[in-house]
C-alpha cells in the first residue's frame, strides 16, 4: 500500500502545480486595459521598463513552478524510505507552495503597480480613477484613488464598495470577496482556520509515526504500553495469560481505529479469533509478545528482540 500512497501524493503534487501554474497565468499581453493585471494607458504597454518587468515576471513564475514540480516529485519518492515522513513533508510542502505562489503573484503585481505610479500612467481610457471621499476633497483638495490599489494585497478591499463578491482580478473565472466587508473577513478567516486546523491535525497524527518505538513499562502492579501515538494501561491482575509467539499470529485483523501499513500495525483492531485487540507491531518482526487480558488481547513486538524477554518477565511476575 505504501507505493500506492506515494503515487497518490505524486499525483496530488503534479495537480497542485498545474492548477497554480495555469489558473493564474501571467498577464503578459495588454488586454482589457491591463498588463500584469495593472491598468495602464495602451501607448505605454510597449514601454521598455514594462516589457523588462514582464520578461522578469514570466521567468520567476516559470522557475517557481519548476522548483515546485521537482520538489514535489522528490517528496513522493520519500515514500520509499518512510511513508509517514513523506506525508508530513508533503503537507508542509503543500502549505508552503500555495502560500509562496500567492506571495509571488502579489510581488509581481506590486512591482507593476509601483512602476505605474512612478511614471503616473493614468488616462481617461482606463476608467479606473475615482475620487476617494468627500472628506478628502474638503480638507486637502481632490484626492484620486486608483482602483488597482484596492488589490495591492492580493485581494479586493474597498470600503466604499457595498458588494460582497467581485470578479477576481487575477483569474476571470473566479469571484473574490470584498475584504473590506466584515462578513467577508469573518467567512474567509473561518474557512482558513478550518483548512489549517485540518492540515496541522493530520501533521500531528503522522509525526509520531515517522520513527516508532514501542515501550512497555511497569510501575508496581500497573503496566503501560505505548507507541505510534497509541497507548494502553492495565494491571497485573487483569492478565489472564502471557506468551511469546515464535511464529506468525495466524489470524486476520480488521482495523477499527489505527494504522496499518507495510511497516506497522498500530491501534485498535478486531481479530478473527482474539476479538478485541490492540496491536503494537512492526511488520515481519518476530518474536511477538501476546498478552491476553479480560476484555482484550494485546500483541506487541520490537526490532530489539531482547526486549521481548524483558517485557515477558515484567508481565509474568505477579
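The values are calculated or read from the model by the stated rules, or taken from the named source; none is laboratory data. Since this is a predicted model, take the numbers as computed values, not measurements. Cβ placement follows ideal geometry from the backbone for every residue including glycine, while neighbour counts extend to all protein chains displayed.
Here is how the numbers come out for the structure above:
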| read-out | value |
| --- | --- |
| Residues of region 246-256 that turn out to be more than 20 Å from residue 305 (Cβ to Cβ) and either touching a residue at least 40 places away in the same chain (Cβ under 8 Å) or surrounded by 13 or more Cβ atoms within 10 Å (Cβ to Cβ) (or both), as a count | 2 |
| Breaking point among (1) more than 18 Å from residue 286 (Cβ to Cβ); (2) surrounded by 14 or more Cβ atoms within 10 Å (Cβ to Cβ); (3) out of contact with any helix residue (DSSP H, G or I) (no Cβ under 7 Å at 6 or more places or on another chain), for residue 243 | (1) |
| Condition broken by residue 169, with the remaining ones in (1) within 16 Å of residue 95 (Cα to Cα); (2) surrounded by 11 or more Cβ atoms within 10 Å (Cβ to Cβ) satisfied | (1) |
| Residue that is modelled with the lowest pLDDT, among those in region 180-201 that are in a helix (DSSP H, G or I) and farther than 17 Å from residue 99 by Cβ | 201 |
| Hits in region 220-239 - residues which are assigned to a loop (DSSP other than H, G, I, E, B) and either at pLDDT 90 or above or surrounded by fewer than 17 Cβ atoms within 10 Å (Cβ to Cβ) (or both) | 220, 221, 229 |
| Region 203-219, subset in contact with a strand residue (DSSP E or B) (Cβ under 9 Å, 6 or more places away or on another chain) and part of a loop (DSSP other than H, G, I, E, B), residue surrounded by the fewest Cβ atoms within 10 Å (Cβ to Cβ) | 213 |
| Selection status of residue 263, crowded, with 16+ Cβ neighbours inside 10 Å, in contact (Cβ under 8 Å) with a residue 12 or more places away in the chain, touching a strand residue (DSSP E or B) at 6+ places or on another chain (Cβ under 9 Å) and closer than 30 Å to residue 87 by Cβ | yes |
| Verdict on residue 259 being under 39 Å from the mean Cα position of the chain (by Cα), modelled with pLDDT of 90 or more and in the same structural domain as residue 305 (by TED's automatic domain parsing) | no |
| Residue match in region 194-202 (condition: on the phi > 0 side of the Ramachandran plot, surrounded by 13 or more Cβ atoms within 10 Å (Cβ to Cβ) and in contact (Cβ under 8 Å) with a residue 24 or more places away in the chain) | no |
| Number of positions in region 210-225 that are closer than 30 Å to residue 240 by Cβ and within 21 Å of the chain's Cα centre (by Cα) | 0 |
| Region 74-124, residues that are in contact with a strand residue (DSSP E or B) (Cβ under 9 Å, 6 or more places away or on another chain) and part of a helix (DSSP H, G or I) | 84, 109, 112, 113, 115, 116, 117 |
| Identity of the residue in region 20-33, within 33 Å of the chain's Cα centre (by Cα) and either outside any loop (DSSP other than H, G, I, E, B) or not assigned by TED's automatic domain parsing to the domain that holds residue 99 (or both), that ends up nearest to residue 96 (Cα to Cα) | 20 |
| Checklist (1) within 18 Å of residue 75 (Cα to Cα); (2) exposed (fewer than 12 other Cβ atoms within 10 Å of the Cβ) applied to residue 5, failing item | (2) |
| Among (1) assigned to a strand (DSSP E or B); (2) under 29 Å from residue 153 (Cα atoms); (3) out of contact with any helix residue (DSSP H, G or I) (no Cβ under 6 Å at 6 or more places or on another chain), the one test that residue 177 misses | (3) |
